[in-house]
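This report refers to the structure that appears directly beneath it.
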Amino acid sequence: MPGLMRITSRDAFAEVLAEARARTRAYEPARWPLLRQIEDQLEFMAGATARGRVPHPDDRGRTGLGPLGVREFADTDPEYADWLGELDYTFARYDVLAPGPARRRRGILQVWSGREGFRKLVLVPGVARTVGTAEADFVVHGDRAGSPQFSVVWDGVCAHVQAIDPHRISVGGEPCWTGELANRGWMQAGRTTYRFLVEDFTQPPAPPNPGEAALRALAQLQGLRDAGTLYAIVDAARADRPLELVEESVDPYASLYDGEQGRAHDDVAPYLVRLGRGSGLLERLVGEGWGEAWGVFVVSGAEFEVVRRQLRRFLMIDLEGEAHRVFFRFYDPRVLQTVAPVLTADQRGDFLRHLEAVLYETPRALARLDHA
């Protein structure tokens with residue numbers, strides 16, 4: 001059921017289910033056997049999803065409201081027919097529905113293998129895009145002799161992928177012509193692996209409760225983000241949550257580590273993220289992570305790869321008294337609190353080449369390392 005949908009979360013499912021049950025009762029199902037069948041199926045759905053339950057896979061395949069709605073109500077009550085169709089579709093996929101209230105989330109198809117790893121194709125609900133090695137909306141590992149390999153459309157619940165002849169794809173390791181991807185699903189086309197994510201899908205372990213220092217810092221950072229000059233460096237070694245937030249965002253990002261050896265350390269790597277105005281990632285990083293040393297912020301008008309190359313120069317440094325180069329965790333605000341006051345003018349200038357400033361949290365405020 002590609003296209004725009006009203007049911008994009010479990011709360012929305014419960015809301016539409018309640019409305020459909022009320023409409024069914026208004027039709028007086030006792031007088032019409034078909035409506036009694038619909039009423040029974042709606043009651044079954046309500047019981048299977050009550051009190052936060054996720055229906056068993058066998059139960060999710062037991063309803064048939066979609067065909068009933070289209071056949072009997074498409075002309076006389078199209079709204080009711082749409083409700084029944086969406087309920088049928090989303091009940092079968094209830095386990096992949098986003099928790100919480102309805103939101104028009106975007107889908108994210110991410111390149112996961114090869115030299116273009118971490119690139120993202122942002123999907124708007126209901127808009128089909130083509131992906132391939134040439135002549136596609138999203139060209140990956142471009143090849144003059146290439147062609148579009150598959151199409152993808154995100155409906156707010158699942159991404160629907162379809163191979164473009166003569167290509168084949170695999171979804172979750174299974175060869176196919178068509179398939180579906182839910183949050184953190186994966187697929188392959190040609191020699192490239194992709195994974196699919198849903199914007200802001202995973203809820204925080206506890207409701208964010210930022211303090212005054214965090215709110216002041218956020219106000220400063222929002223202005224820089226809206227001006228298009230704000231990056232974040234997020235430290236995946238600190239916790240699972242910061243990288244989860246980055247992955248489930250539409251913002252472009254990449255590890256500061258390179259090559260296959262770098263990919264082996266994805267779970268502990270520092271990641272550069274360019275924060276965009278249309279994303280809520282900044283608010284989530286500050287709201288959930290202030291005081292947890294999740295990373296630092298970089299102010300620069302330079303392009304992503306220029307900033308990334310500059311920062312990679314300082315992943316390892318020479319340290320007096322050490323025989324070998326050592327890791328420099330400049331993206332840890334606790335390290336910067338110690339290092340920033342003792343940098344010489346030359347060291348500061350070298351570190352900040354192509355950068356306007358690095359901003360980092362302290363117990364009371366957002367501190368700034370700049371050229372002054």
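Quick note: the coordinates plus some simple rules give every number you see, no bench work behind them. Keep in mind it's a predicted model, so treat the numbers as computed, not measured. Cβ sites come from the backbone with ideal geometry, for glycine too, and all protein chains shown count toward neighbours.
Brief remarks on what is shown
- Across segment 107-198, the mean sequence separation of Cα contacts (distance under 8 Å, 6 or more residues apart), normalised by length, yields a relative contact order of 25 percent.
- Our note on the geometry: Cα centres of segment 294-321 and segment 76-145, 33 Å apart.
- When you filter the GluC sites (Glu not before Pro) in segment 279-314 for DSSP loop state and at most 13 other Cβ atoms inside 10 Å of their Cβ, you are left with 303.
- Percent RCO, i.e. relative contact order, over the chain, from Cα pairs under 8 Å lying at least 6 residues apart: 11
- Relative contact order (percent, whole number), segment 10-96, Cα cutoff 8 Å, 6+ residue spacing: 31
- In order along segment 255-269, phi translates into HN-Hα couplings of 5, 7, 8, 10, x, 5, 5, x, 5, 5, 10, 3, 6, 10, 7 Hz, rounded to whole numbers, per the Karplus curve 6.51 cos²θ - 1.76 cosθ + 1.60 with θ = phi - 60° and x for Gly and Pro.
- As a rough guide to protection, the peptides 266-272, 331-337 ranked by mean Cβ packing within 10 Å, highest first, stand as 331-337, 266-272.
- Among 202-214, 34-46, the peptide with the highest mean count of other Cβ atoms within 10 Å heads the list, and the full ranking is 34-46, 202-214.
- The 3J(HN,Hα) values that the Karplus relation (6.51, -1.76, 1.60; θ = phi - 60°) gives for segment 63-72 are, in residue order, 10, x, 5, x, x, 4, x, 5, 5, 9 Hz. Gly and Pro appear as x.
- Taking the C-alpha atoms only, the angle from helix 10-26 to the longest principal axis of the chain is near 20 degrees.
- Each peptide in 97-103, 157-163, 54-60 receives the mean, over its residues, of other Cβ atoms within 10 Å, and ordering these scores from highest gives 157-163, 97-103, 54-60.
- In the chain, the longest principal axis of the Cα atoms and the axis of helix 212-226 are about 90 degrees apart.
- Gap separating the Cα centres of segment 2-40 and segment 189-223, nearest whole Å: 34
- Per-residue ellipticity at 222 nm from helix content only, as computed over the chain with -39500 (n - 2.57) for each DSSP H run of at least four residues, stands at -9500 deg cm²/dmol.
- The HN-Hα couplings worked out from phi for segment 337-351 by the Karplus form 6.51 cos²θ - 1.76 cosθ + 1.60 (θ = phi - 60°) are 4, 7, 7, 3, x, 10, 5, 6, 4, 5, 5, 5, x, 5, 5 Hz, whole numbers, x standing for Gly and Pro.
- Maximal additional length on extending the residue 6-residue 319 stretch stands at 106.9 nm, based on 0.36 nm per residue less the C-alpha distance.
- Rounded tilt (10° steps) of 33-48 against the dominant C-alpha axis of the chain: 30
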